[in-house]
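Below: the structure, in structure tokens.
The values are calculated or read from the model by the stated rules, or taken from the named source; none is laboratory data. The structure displayed is predicted, hence computed values, not measured ones. Quick reminder, even Gly has a Cβ in these numbers, built from the backbone with ideal geometry, and neighbours come from all protein chains shown. Surface areas here come from the heavy atoms of the whole protein model, side chains and all, with no ligands, DNA or RNA. Shrake-Rupley method; radii C 1.70, N 1.55, O 1.52, S 1.80 Å.
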Amino acid sequence: MYISTRRAFGVVGLGTIGRALAFGNWLSATRQGIAVTFRLYELDPQQRAQADGWFAGQLDKLLGKGKVSEAQAAAFFRDVQWVDALEVLADCEAVFEAIVEKLEPKQEVVAQLCRILSDDALVLCTSSGYAPAVLAAKADDPTRVFGYHPFSPADRNLIVEHVGSDGGEPDCEVFGIANLFGRQTIHVNPSIPCFAGNTFFTLYCLTAARLVENGVATVAQINRWTDDELGGSGVFGALDFTGGERGRSGTPIIINCAELLHKHLGETGCEAAAKLFEVPAIMRDRGSRPWLDPEAGDPDVPMTESQREIVAGTMRTAVAWAHRFILSRGILVNGFSDWGLLSRIAFAFKTSVPDYLVQIGSQSLEDAAQAVLPEHLPGMKEAWNDNRFLGTEDFNRPSSVVESSEFDGISIIEIFRPDKRNALNTEVIEGLTRLLEEISPECIGVVLDCTVAGADVSEFAALDEEGLEAYITVGQALMAKIREFRMPVVAAISGPCLGGGLELANACHARMIGQLARIAFPETGLGLIPGFNGTVDTARWWNPALVWEMLLTGRSLEPAELMETGWAHTFTTGDPIGMAIGLIHDIRDGYQCLPKRRTDPILVPPDLADVNKFGSLRIDPAIAEILQDVFRRGLALPLAEASDLECDGILRASRTEAFQRGTAKFRK
């Protein structure tokens, strides 16, 4: 069996984070058609009542917007159950610990869960500051305790920091759980409290509060400047939002993180850096009260040039130092690529922190750091010039939506656009092409993450015919480069692999799939046909009749069928990237061979591509006619010639009313 009938998870602590995780995870699984049960444990009757009210409110909103059906909403109260004893969680495969951010109670709960759960079950701690090894100090088996730190709003934010267990290693099952619930994991070293996200956000908030305390500008003025500069609702808007409830801010969380970081840096001989995390009195006085008062309105008092200069210089210096600190200390295992992704998505910024700092310019940042006053950023003069935080990497470069890393002689290429479900746009296609060209000749193979939701319709829908032809040509050139690459390129597919993603995986020499893998051609329902060789290459891998059905009806294939067709090389319940690495080593050592690829013409029976074969059409008749023509004629040609025919078919489709209707919402 590829996916178990029903999977059980637990949540302990139903405050802001716990209830959001339970609801968001249930919703993500339900939308994928995966049956899950969540068992909720909360001793405080008031918290339980608040959680029930919040659940009902979220369901009402989604029902009103048509984002869940009545049946799905009713199923929530069957799938999500309150329990009165931790022992009822015994058969859960993982339990999310989300109680109040106090160390001793957390340690007690983690120890109890480790005693109750089965030996292979996981404890996922949502702490914003404590490493798993600290939380598991009283547990019998600390190696099954992991950090799973979400960002607000935890029901919708795509980013999760995954912190290794006592040994510091990641766990493929944790990656699998995050993927099940539609989250992008950022692997974090447990070398410093508060990890990457909260280290940055803590200094960001402390600096803004200190400017207010020192009378440089008001809360509203600084919030407006930071929102204009970086976005994310401004620093104080984000801090209030972190509180999770109206009338409550996340200031206590920031104070706790600041104290942990101040202590850690002081104990490790970084006294100047420790000063940066001293908590200003204004934050302690504020407590959990919100910083912005929506009832009082926001007085539109612009800052003077002098105020703006101080605020800009101080805030930019804090952001730049935090950026260098996170990268130089190796907090993120994948370094630059993960930091760019986390800083953009987790904080809802307009752009990533690396890209923002490139826009400011290294000389401007250096000038600001030298001019900053010690009362606004105590210790910054020394911390800025501390070689321990400078590192050897070029920190003044933009982030990228595609990144490569090398492991055991194998290049691993990943796409980082979770907010667009890794959709292929020109930047991604050109980035993948560049990374392939830069691969070291000493490498023995390439693993390409093909968990991609298709081509980026919002980009090519806005192109004129000349631009669309150029886009298709660049995409087809990438597919040809992969097919003809000098070493094995193995696709790793852990989730939906649709449209352009399916075509990317087709181009690879083998495919490793996870339990949530699914392939389909959804673009035909939008007035399009596949353009990166999907129409003329897929049927060379397996039964043309099945491919025609997928193209015409939008039918998707899941792991069992993908293994039966032979398109997928291996299925795993773990991490497909790890399996792909193993396959490349087996190929090098002669234990396995790559499947033979067909690029020669294949015969297609005249009655195969019948547009009336499956009853009423899901796609527009004009698109069906173009699709039929390209499919029949393309398979009868060598693949190189068929590619030109497919490109012409895309251009023909773009001239139809079906294309204009199907892509209208993306152009908006």
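For Trp541 and Arg248, calculate 0.36 nm times their separation in residues minus their Cα-Cα distance, and state this gained length in nm to one decimal. All intermediate terms of the calculation are to be shown ahead of the outcome.
Numbers: separation 293, 0.36 × 293 = 105.48 nm, distance 5.70 nm.
Length gained, Trp541 through Arg248: 99.8 nm.
Counting Lys and Arg as +1 and Asp and Glu as -1, each charge on the Cβ, what is the dipole of the stretch 366-494 about the Cα centre in debye, to the nearest 20? Before the final figure, lay out each step's value.
Numbers: 10 positive and 25 negative charges, 81 e Å.
Value, rounded to 20: 400 debye.
Of all DSSP beta bridges in the stretch 469-578, what percent run antiparallel (nearest 5)? Walk me through the intermediate numbers first.
On the way: 1 of 11 bridges.
Percent antiparallel among DSSP bridges in the stretch 469-578 is about 10.
With label points built 7 Å along Cα→Cβ from the Cα atoms of His187 and Arg156, find their separation and express it in nm.
3.1 nm
How high is the relative contact order of the chain? Use alpha-carbon pairs under 8 Å, at least six apart in sequence, and give a whole percent.
On the way: 1210 pairs, mean separation 59.3, N = 668.
For the chain, the relative contact order is 9 percent.
Please list 3J(HN,Hα) in residue order for the stretch 247-252, calculated via the Karplus relation 6.51 cos²θ - 1.76 cosθ + 1.60 where θ = phi - 60°; whole Hz, with x for glycine and proline.
x, 9, 9, x, 4, x
Nearest 10 degrees is fine. How inclined is helix 197-213 to the longest principal axis of the chain, computing both from alpha carbons?
40 degrees
At 7 Å along Cα-to-Cβ for each site, give me the label-to-label distance between Lys65 and Ala281 in nm.
Going by the 7 Å Cα→Cβ label model, 4.4 nm.
Kindly state, to the nearest 0.05, the FRET efficiency for Glu366 paired with Glu406, given R0 = 30 Å and r defined as their beta-carbon distance. Present the calculation step by step, with values, prior to reporting the outcome.
Working: r = 32 Å, r/R0 = 1.07.
The calculated FRET efficiency here is 0.40.
Which values, in whole Å and largest first, are the semi-axes of the equivalent ellipsoid of the stretch 308-367 obtained as the square root of 5 times each eigenvalue of the Cα gyration tensor? All intermediate terms of the calculation are to be shown ahead of the outcome.
Working: eigenvalues 84, 35, 18 Å².
Semi-axes, largest first: 20, 13, 10 Å.
First check a/c for the stretch 501-540, with a ≥ b ≥ c the square roots of the eigenvalues of its C-alpha gyration tensor; if it is under 1.5, answer rounded, and if not, answer prolate when a/b is larger than b/c or oblate otherwise.
Numbers: a/c = 2.84, a/b = 1.38, b/c = 2.06.
Oblate, because a/c is 1.5 or more while a/b does not exceed b/c.
Go through Cys205, Ala121, Ser364 and say which Cα lies farthest out towards the positive end of the charge dipole of the chain; charges sit on Cβ, +1 for Lys and Arg, -1 for Asp and Glu.
The residue sitting farthest along the positive end of the dipole is Ala121.
For the Cα atoms of the chain, what angle does the longest principal axis make with the long axis of helix 103-116, in degrees from 0 to 90, nearest 10?
Tilt of helix 103-116: around 40 degrees.
With just the Cα atoms defining each centre, how far is the stretch 298-353 from the stretch 454-533? Give it in Å.
For the stretch 298-353 versus the stretch 454-533, the Cα centre distance is 34 Å.
Nearest 20 debye, what's the magnitude of the dipole of the chain about its Cα centre given +1 on Lys and Arg Cβ and -1 on Asp and Glu Cβ? All intermediate terms of the calculation are to be shown ahead of the outcome.
On the way: 60 positive and 89 negative charges, 202 e Å.
The dipole magnitude comes to about 960 debye.
Name the residue from Ala56, Val95, Thr37 whose Cα lies farthest towards the positive end of the charge dipole of the stretch 30-118, charges +1 on Cβ of Lys and Arg and -1 on Cβ of Asp and Glu.
Looking along the dipole axis, the top candidate is Ala56.
What FRET efficiency comes out for Ala137 versus Ala640 if R0 is 60 angstrom and r is the Cβ-Cβ distance? Round to the nearest 0.05. Intermediate values should be presented prior to the final figure.
On the way: r = 62 Å, r/R0 = 1.03.
Calculated value: 0.45.
Set the Förster radius R0 to 35 Å, insert the Cβ-Cβ distance between Leu603 and Ala477 as r into 1/(1 + (r/R0)^6), and round the FRET efficiency to 0.05. Walk me through the numbers on the way to the answer.
Values: r = 28 Å, r/R0 = 0.80.
With a Förster radius of 35 Å, E is 0.80.
Cross-link partners among lysines for Lys102, C-alpha distance below 17 Å, same-chain residues fewer than 8 apart left out?
Correct list for Lys102: Lys138, Lys263.
Quick one: Cα centre-to-centre distance for the stretch 150-221 and the stretch 60-136, in angstrom?
Centre-to-centre distance over Cα atoms comes out at 19 Å.
Could I have the simple spin-label model distance between Asp293 and Glu309, label points 7 Å from Cα toward Cβ, reported in nm to one decimal?
Once both label points are built, they end up 3.2 nm from each other.
What accessible area per residue, rounded to a whole number of Å², is obtained for the stretch 165-218 using a probe radius of 1.4 Å?
On the way: 1400 Å² over 54 residues.
Per residue, the stretch 165-218 has an accessible area of 26 Å².
For the stretch 301-446, just say rounded, prolate or oblate: build the C-alpha gyration tensor, square-root its eigenvalues into a ≥ b ≥ c, call rounded for a/c under 1.5, and beyond that prolate if a/b exceeds b/c, oblate if not.
Prolate is the answer for the stretch 301-446, as a/c is 1.5 or above and a/b outweighs b/c.
Of the chymotrypsin sites (Phe, Trp or Tyr not before Pro) in the stretch 327-397, which ones lie in a loop per DSSP and count no more than 16 other C-beta atoms within 10 Å? Spell out each step's value before the answer.
Numbers: sites: Phe336, Trp339, Phe347, Phe349, Tyr356, Trp384, Phe389, Phe395; in loops: Phe347, Phe395.
Passing both the DSSP loop test and the Cβ count: no residue.
What is the gain in length, in nm to one decimal, between Glu484 and Ala74 on full extension, counting 0.36 nm per residue of separation less the C-alpha to C-alpha distance?
Answer, rounded to one decimal: 142.5 nm.
Which angle from 0 to 90°, rounded to the nearest 10, does the C-alpha axis of helix 621-635 make with the longest principal axis of the chain?
70 degrees
Tell me, what ³J(HN,Hα) does each residue in the stretch 234-239 have, in order and in whole Hz, if you take phi through Karplus 6.51 cos²θ - 1.76 cosθ + 1.60 with θ = phi - 60° and put x for Gly and Pro?
3J(HN,Hα) across the stretch 234-239, in whole Hz: x, 5, 7, x, 5, 5.
Can you give the extra length, in nm with one decimal, that the chain gains between Arg632 and Tyr591 once fully stretched, where that is 0.36 nm per residue apart less the Cα-Cα distance? All intermediate terms of the calculation are to be shown ahead of the outcome.
Numbers: separation 41, 0.36 × 41 = 14.76 nm, distance 3.76 nm.
Computed gain between Arg632 and Tyr591 is 11.0 nm.
At 1.4 Å probe radius, can you tell me the per residue accessible area of the stretch 1-81 in Å²?
Details: 3690 Å² over 81 residues.
I get 46 Å² per residue for this part.
Quick check on the chain: of the DSSP beta bridges with both residues there, what percent are antiparallel, nearest 5%? Provide the component values of the computation, followed by the final result.
Numbers: 14 of 59 bridges.
Looking only at bridges with both residues in the chain, the antiparallel portion is about 25 percent.
Rounding to the nearest 20 debye, state how big the charge dipole of the stretch 20-135 is about its Cα centre with +1 on each Lys and Arg Cβ and -1 on each Asp and Glu Cβ. Show your work: numbers first, answer last.
Values: 10 positive and 16 negative charges, 110 e Å.
Dipole about the Cα centre, nearest 20: 520 debye.
Over every pair of different alpha-carbon atoms in the chain, take the mean of 1/r and invert it; report that Kirkwood radius in Å.
On the way: mean 1/r = 0.0373 Å⁻¹.
By the Kirkwood definition, the hydrodynamic radius is 26.8 Å.
Tell me which of Pro280, Trp548, Ala568 sits at the most positive position along the dipole axis of the chain, charges placed on C-beta atoms (Lys, Arg +1; Asp, Glu -1).
Trp548
Starting from the stretch 460-542, pick out the trypsin sites (Lys or Arg not before Pro) whose DSSP state is loop and whose Cβ has at most 16 other Cβ atoms within 10 Å. Please report the intermediate quantities before stating the final value.
Details: sites: Lys481, Arg483, Arg486, Arg511, Arg518, Arg540; in loops: Arg486.
Listed in order of number, the matching sites are Arg486.
Tell me which residues come under 5 Å, amide H to amide H, from Thr37 once H is placed; ignore anything under 5 positions away on its chain.
Close amide H contacts, sequence-distant or interchain: Arg7, Ala8, Phe9.
With θ set to phi - 60° and the Karplus curve 6.51 cos²θ - 1.76 cosθ + 1.60, what are the ³J(HN,Hα) couplings of the stretch 508-515 in order, to the nearest whole Hz, using x for Gly and Pro?
Taking θ as phi minus 60°, the curve returns 5, 8, 7, 9, 10, 10, x, 6 Hz for the stretch 508-515.
If you bin the C-alpha pair distances of the stretch 207-306 every 10 Å from 0, what whole percents do you get?
15, 42, 32, 10, 1
Please give the per residue accessible area of the stretch 315-456, computed with a probe of 1.4 Å over protein heavy atoms only, in Å². Mind dumping the intermediate values first?
Numbers: 5450 Å² over 142 residues.
So the stretch 315-456 comes to 38 Å² accessible per residue, rounded to a whole number.
Taking each pair of distinct Cα atoms in the stretch 1-130 once, what is the resulting Kirkwood hydrodynamic radius in Å? Don't skip to the answer; put the middle values down first.
Values: mean 1/r = 0.0655 Å⁻¹.
For the stretch 1-130, the Kirkwood estimate is 15.3 Å.
When only alpha-carbon atoms count, how far does the stretch 476-625 stretch along each of its three principal axes, as whole angstroms with the largest first?
Largest to smallest, the principal-axis extents are 50, 32, 25 Å.
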